[in-house]
Amino acid sequence: MKTENKAFAHSTLLLWLIVGWAGFCLVPWYGIEDGFFGFEWLSDGYPFDPDYAPALFLILQGKKIWLASVVPFMILPVIALFRIKSDPVFGKVLVVCGALGFGILLGQGFIIGLKGWQFGWLEQLFGPLGDRQFGMGYGALFMASAFLFIFTQGIAARGAVNGDVFVVSSIGFVVTIVAIFVFFPIISMLLSAFIGEDKAYSISVFIDKITDNRLWSLSCITGGQKCGAAWNSFALAVLVGITTTVLGLAFALVVTRTGFRYKKLLRAMSVLPIITPPFVIGLAIILLFGLSGSFTVFFSDLFGFQPTRWVYGLPGILIAQILAFTPIAFLVMIGVVEGVSPSMEEASQTLRANKWETFVNVSLPLMRPGIANAFLLGFIESMADFGNPLVLGGNFDVLSTEIFYAIVGAQYDQARAASIALVLLFFTLAAFYAQRFWLGKKSYTTMTGKGDSGVYSQLPSRVSKPVFLIVAAWTAFTLLIYAMIFYGSFVELWGVNNTLTFKHYITAFSARIGEHGIHWTGSAWDSFWTTLKIAGISAPLTAAVGLVTAYLLTRQNFAGKNAFEFGTMLSFAIPGTVIGVSYILAFNVPPLELTGTGIILVISFVFRNMPVGVRAGIASMTQLDKSLDESSLTLGANSWQTFINVILPLLKPAILAALVYSFVRAMTAISAVIFLVSAEYNMATSYIIGRVENNDYGLAIAYSTSLIAVMLTVVALMQLIVGKTKIGRRSGQSGAKP
Amino acid sequence: MKLKQNSKAASVSFKNVTKIYGKDVIAVDDVSLSIEAGTLVTLLGPSGCGKTTTLRMIAGLEMCSSGTVEIGDVDVTTLPATDRDVSMVFQSYALFPHMSVLENVSYGLKFSGFKKNEISERAIAGLELVGLSEYGARLPSELSGGQQQRVAVARALVLEPQVLLFDEPLSNLDAKLRRQVREEIREIQQNLGLTVVYVTHDQEEALAVSDRIIVMKNAVIAQDGTPRDLYDAPANRFVADFIGEANILPCEIAAIKAEIAKVKIGDYSLNLPSRGLDKGSALLAVRPNRVIIGKSKPNKNLPGKIIRLTYVGNHLEFTIATEFENLFATSSDVNSEFKVGDDVAITFADKGPVLLES
């Protein structure tokens, strides 16, 4: 028997106790004004200045006495240090102390805020408090983490998940952060939709706001002026969902089931829109079809009619979104179309079905999950899209822009923003459920893991001809759009003065070498560096959280796993605009005061993009045979060592995918960002949107073009850094033995 | 250095162990067994009988729902795999594809607190033992199936575990290699004095390598004994049929004298050990090679008719229709003059047929 395990468990406990006590005695308890990474406080009155004092010093000075209530739960676990792990007292003490400590720590933060007691009845009960507190800082963070992991060690000691501390702690960690950064904001938002003008909660206010005529009016059908934003959004999303799915399917079929020669070009083109900020396509469409757009001018000259603003509104948004989201549908569809085992089709053909009958009766039904997924993605992306409607919307109101105007406009109506966000959330969640319902419990798995030597059958000609036509048209149009973007960035003033110039690049990115090194004089540098920094920080965090979650979902069994999966995937169905609004509502006030910081941007990206990391991780982990983990365990490695030595090295492709995706999304995202940026932390996309609003298209397009170039470089670099895990010459054939 | 006789080899015992998956799928039902140190014991049975679950419970990869598991007289029931001194060779070998052969073999040593030079010494010794010392730098994917299998064995062996587990280790090898590798495994086990628990569904393999075989069926132990016990004296119809095939015929015990039973099958009668059975109806298990086929004659035999005859190289296989059931018989006389459709007289060898409870 090995004996070092007892000592190991206790060293982890000791570590977290030290962290907890450090949080209480050493570091500032409350958040620092200068930001998380500002360290001026060290030389500025610490440790006695109440702004920077650790909790211990505050209490000794007779301030914030209530903070002392957590102390007993940091002292009691010391008892456990002297017990062995299998002693029931060990587990019990840790569970009780961890849970109560964590609960009280959070509870005091919610009960006592900027104005003393947060709830009227407490004031009545205890009288005015005469003291207040700000957002939590390092001290609270350290201590909360300590309580959390003390709790998970207790749970593990009581036998959960075979007593595996690493697994239980990971579950506890993921559950906690998802609760704080996904569920808590949504609940805050839900609550604030109930608040009326008199600051009191009221159901009738809620119902009024939710059923507002500006959202639900149908007068455009009955001959009136405008339809409600909710119907607009819904109709748009359905149209976009259907069109992108059909196009995505067409692309996937061309790539897998025809002898088409330029498949690589198609694959490469599918990457382009992913690294394109979403509204850039909207800009290109204005260059083409706007009032002074090339097409508009050309045709109005030809036929002699007045140029119109026809593209602003539904047609423009529709075109832009279809261009932007078709590649996403393609990526979903290609996986599914390739996943249909050729032997299914071959079997059908040997059973006397012809190609067309096989396609309709076997191939297409097997692609159903892909079709459902692609539609869902298109639907949600369209609902959540913010940039294109802002640029091209005209009088066509959609929910995402309505939310924005409610919160940044003159109205500044948080409650209205919250209630529109709820309507938007309702639509996307409904789509999410409808998809699950439609797929039902049928099995669509055709990959058996056994070598499948068949070849995909070619498309029947009555499918392949129209499919080719669609693909050709789309490809030509997309190339045209990107050519316009590139060309447009060099044009002085589109439609008015068409001379070529570097002016826009110079305004944005000029730099000169002065006495003190390089001066970044261009107007875009600030937001550019901020964007790189935020994206660079959030990408590895997203990948880490995503992969750990995927590991828990695929490799471990624990009670409540389904709820766990649902919770982690939920943020996938929450549009960015909703995240933005809910974060403002939840993190604007203590105890978690994060608005205006860079941290809130990082956090919003981590939770927006986490589902992709999870999916990528799950997809590649299910390819790894479970016996690899098990053999590592029987060879004496614990689950943490197994994760590090065996799973991670084999997951490099998934890590890369998660890194690249979350980096690129952080660079291009706009919908959540627009609510969360501040003067200090401005992001590239919101800067560009600002330029667009000032009709400064040249600069906006030049900046966008540079972003695309930067992202291509960074993606290539990441590929280089992460590298490939060498697993032998046969790896290229995905394990199929010759 | 060389791997020495393993002094750590330990016994394994299960006391009333039950494993339930989900709510009501019983994989192992109240099983008690004990495995002596230094022996090779096989868990044998058809798929779904609970043998692999039993093995995984010894490894600590599954936790039993009730009962206790002991290794070397220490209760390990709640210990996870990492904390048990047991290593396992997997059906798929589970070699880490991103590590070289030597790294694979060193893997477990890294977590056992050995010093660096000792790790490599032991790993190289392990590779030598399985005859692969030249291949340390290769990746698993650059080895043949048989070589991969040996790496997996070496990786488990170098830890000198208390118990070494094999989960159908030969099922991915071709027939010829299978015989060779199983002999190697047996040799290593005997030379190093290891406690080995071995899971297979191949009865021939089990008979060839084991000190003892535990036959499982439907989550319980059907019989536990030496290979010869199981073959010559199966406890029930299932074991008789599963180990080495048997024709099972209904018969009548007419009389018992001094533990010798007079057995009647239709008109044919013979004397066999009674094995504690009483007078009355019983079953008779006859191995195919104990069925003797002779020219048709009037009595003291079981008349039959050959309905199928297959030539398989070193012997002939007959299917013979009788008044009870079709009999399956083999004959090493490949030059036999019998043809399909011949009427024949069947008798059974004196030794071999076994009486079973009906």
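Amide H contacts of B:Q223 (H built 1.01 Å from N, in plane; Pro and chain starts excluded): B:V215 sit under 5 Å, all sequence-distant by 5 or more or on other chains.
Span-like helix check, chain A: qualifying full DSSP H segments, with Cα axial length of 27 Å or more and mean Kyte-Doolittle of 1.6 or more, are A:88-111, A:229-257, A:314-339, A:697-722.
Take the Cβ-Cβ distance between A:M344 and B:I307 as r, set R0 to 35 Å, and report the resulting FRET efficiency rounded to the nearest 0.05. Write down the numbers at each step before the final one.
Numbers: r = 40 Å, r/R0 = 1.14.
Working from the Cβ atoms, E equals 0.30.
For region A:80-87, 3J(HN,Hα) computed residue by residue from phi via the Karplus equation (6.51, -1.76, 1.60; θ = phi - 60°) reads 5, 4, 9, 10, 7, 5, 7, 5 Hz, glycine and proline entered as x. For the pair A:E515 and A:E680, a Förster radius of 25 Å applied to the C-beta separation gives a FRET efficiency near 0.45, rounded to the nearest 0.05.
In chain B the longest region clear of GluC sites (Glu not before Pro) that are loop-assigned by DSSP and have at most 12 other C-beta atoms within 10 Å covers B:1-258. For region A:171-223 versus region B:336-358, the inter-centroid distance based on Cα atoms is 84 Å.
Below 13 angstrom from the Cβ of A:G393, what's the summed charge of the other residues (Lys, Arg +1; Asp, Glu -1)? All intermediate terms of the calculation are to be shown ahead of the outcome.
Numbers: positive: A:K226, A:R309; negative: A:D385, A:D397, A:E402, A:E693.
With Lys, Arg at +1 and Asp, Glu at -1, the neighbours total -2.
Check each of the trypsin sites (Lys or Arg not before Pro) in region A:294-370 and keep only those in coil by DSSP with at most 16 other C-beta atoms within 10 angstrom; list them in order. Display every interim value, and only then the final one.
Details: sites: A:R309, A:R352, A:K355; in loops: A:R309, A:R352.
Taking region A:294-370 and a limit of 16 other Cβ atoms within 10 Å, the loop trypsin sites (Lys or Arg not before Pro) found are A:R309, A:R352.
Averaged over the residues of A:620-629, the number of partner chain Cβ atoms lying within 10 Å of the residue Cβ comes to 3.
What number comes out for the charge environment of A:K355, summing +1 per Lys or Arg and -1 per Asp or Glu over other residues with Cβ under 11 Å away? Write out the running numbers ahead of the final one.
On the way: positive: A:R257, A:R462; negative: A:E345, A:E357.
Surrounding charge for A:K355 is 0.
Sort A:194-200, A:645-651 by packing, meaning the average of other beta carbons within 10 Å per residue, with the highest value first.
Values: A:194-200: 11.6, A:645-651: 20.0.
Answer by packing, highest mean first, reads A:645-651, A:194-200.
Taking other residues whose beta carbon is less than 15 angstrom from the beta carbon of A:G576, and scoring Lys, Arg as +1 and Asp, Glu as -1, yields -1.
Tell me, what is the percent relative contact order of chain A, built from C-alpha pairs under 8 Å that lie six or more residues apart?
Numbers: 1078 pairs, mean separation 107.4, N = 738.
Value for chain A: 15 percent.
For the pair region A:691-708 / region B:83-137, the C-alpha centres are spaced 59 Å from each other.
Applied to region B:224-238, the Karplus parametrisation 6.51 cos²θ - 1.76 cosθ + 1.60 on θ = phi - 60° returns per-residue 3J(HN,Hα) values of 9, x, 6, x, 5, 3, 5, 6, 8, 9, x, 6, 8, 4, 4 Hz, with x for Gly and Pro.
What order do you get for A:120-130, A:496-506, B:279-289, B:79-89 when each peptide is scored by the mean count of other beta carbon atoms within 10 Å, highest first?
B:79-89, B:279-289, A:496-506, A:120-130
Note on B:137-144: average number of Cβ atoms from other chains within 10 Å of each residue's Cβ is 3. Each peptide in A:604-615, B:231-242 was scored by the mean count of other Cβ atoms within 10 Å over its residues; highest first, the order is A:604-615, B:231-242.
Each residue, A:V78 and B:D278, gets one label point 7 Å from its Cα in the Cβ direction; the gap between the two is 7.5 nm. Take each residue in B:97-104, count the other chain C-beta atoms within 10 Å of its C-beta, and the mean is 4.
Estimated at 0.36 nm per residue, the fully extended path between A:R267 and A:A544 surpasses their Cα-Cα distance by 97.0 nm. Spin-label model, A:D87 to B:A255: label points 7 Å out along the Cα-to-beta-carbon direction sit 7.6 nm apart.
Let me make sure I get this right: for chain A, a, b and c are the square roots of the gyration tensor eigenvalues over alpha carbons, sorted descending. Under 1.5 in a/c it's rounded, otherwise prolate if a/b > b/c, else oblate. Which is it? Taking the square roots of the gyration eigenvalues as a ≥ b ≥ c, chain A is oblate. Sparse packing (at most 15 other Cβ atoms within 10 Å of the Cβ) combined with a DSSP loop state is found for the following chymotrypsin sites (Phe, Trp or Tyr not before Pro) in region A:547-578: A:F558. Using alpha carbon centroids, what distance separates region B:211-233 and region A:539-605, in Å? For region B:211-233 versus region A:539-605, the Cα centre distance is 55 Å. Calculated mean residue ellipticity, 222 nm, chain A: -20000 deg cm²/dmol, from DSSP H runs (n ≥ 4) at -39500 (n - 2.57) each, averaged per residue and rounded to 500.
With each run of n ≥ 4 DSSP H residues scored as -39500 (n - 2.57), what mean residue ellipticity at 222 nm is computed for chain B after dividing by its residue count and rounding to the nearest 500 deg cm²/dmol?
Details: 8 runs with 83 residues, N = 358.
One gets -7000 deg cm²/dmol as the mean residue ellipticity at 222 nm.
Close amide H contacts of B:S11 (hydrogens built in the peptide plane, cut-off under 5 Å, sequence separation of 5 or more or a different chain): B:A37, B:G72, B:D73. Placing pseudo-labels 7 Å out from each Cα toward the beta carbon at A:S202 and B:D241 gives an inter-label distance of 8.0 nm. Is the shape of region A:519-726 best called rounded, prolate or oblate, per the rule: a/c under 1.5 gives rounded, else a/b larger than b/c gives prolate, else oblate, with a ≥ b ≥ c the square roots of the Cα gyration tensor eigenvalues? Prolate is the answer for region A:519-726, as a/c is 1.5 or above and a/b outweighs b/c. Suppose R0 equals 41 Å. What FRET efficiency, 1/(1 + (r/R0)^6) with r the Cβ-Cβ distance, do A:F502 and A:C220 give to the nearest 0.05? It comes to 0.35.
Every number in this text was worked out from the coordinates using simple rules, so none of it is lab data. Source: prediction; values computed, not measured. Ideal geometry is used to build each Cβ from the backbone, glycine not excepted, and the neighbour counts take in all protein chains shown.
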